[in-house]
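Peer 1: Mind having a look at this structure? Questions to follow.
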Amino acid sequence: MSNADYVLGNQSGAAFRAELNTILGAVTSNNSSSSEPSAKFAYMWCVDTTTGLLKQRNAANNGWVSLGTLA
């Protein structure tokens, strides 16, 4: 489970690949973490592993909307 900043900088092949793997891990886990992602985007999904809530960023990108609990 991870989250990422979603920024792929101009870097060496190994560093680029490591950052890309972090980003893909965040995408495939719906940004699952006990803390919210540092980079936030409108309509972004997030799973709060502490509360078990599925959240989505609102259109104004200034808050989270809880969509429900996960089992």
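The values are calculated or read from the model by the stated rules, or taken from the named source; none is laboratory data. Everything numeric here is computed off the predicted structure, so don't read it as measured data. A quick note on method: Cβ atoms are made from the backbone with ideal geometry, for glycine too, and the neighbour counts reach across all protein chains shown. Please note that ligands, DNA and RNA were not included when accessible areas were found on the heavy atoms of the full protein model with its side chains. Shrake-Rupley method; radii C 1.70, N 1.55, O 1.52, S 1.80 Å.
Peer 1: May I ask you to give the solvent-accessible area per residue for the chain, in square angstrom, as obtained with a 1.4 angstrom probe?
Peer 2: 62 Å²
Peer 1: If you place +1 on the Cβ of every Lys and Arg, -1 on the Cβ of every Asp and Glu, and leave all else neutral, what size is the dipole of the chain about its Cα centre, to the nearest 20 Debye?
Peer 2: It comes to approximately 100 debye.
Peer 1: Can you work out the FRET efficiency for the pair residue 15 and residue 39, with r the C-beta to C-beta distance and R0 = 22 Å, to the nearest 0.05?
Peer 2: The formula returns an efficiency of 0.75 here.
Peer 1: Right, here's the next one. Accessible area of the chain with a 1.4 Å probe: how many percent of it is carbon plus sulfur? Before the final figure, lay out the partial values.
Peer 2: On the way: 2430 of 4420 Å².
The value for the chain is 55 percent carbon and sulfur by accessible area.
Peer 1: Distances over 14 Å make up what percent of all Cα-Cα pairs in the chain?
Peer 2: 59 percent
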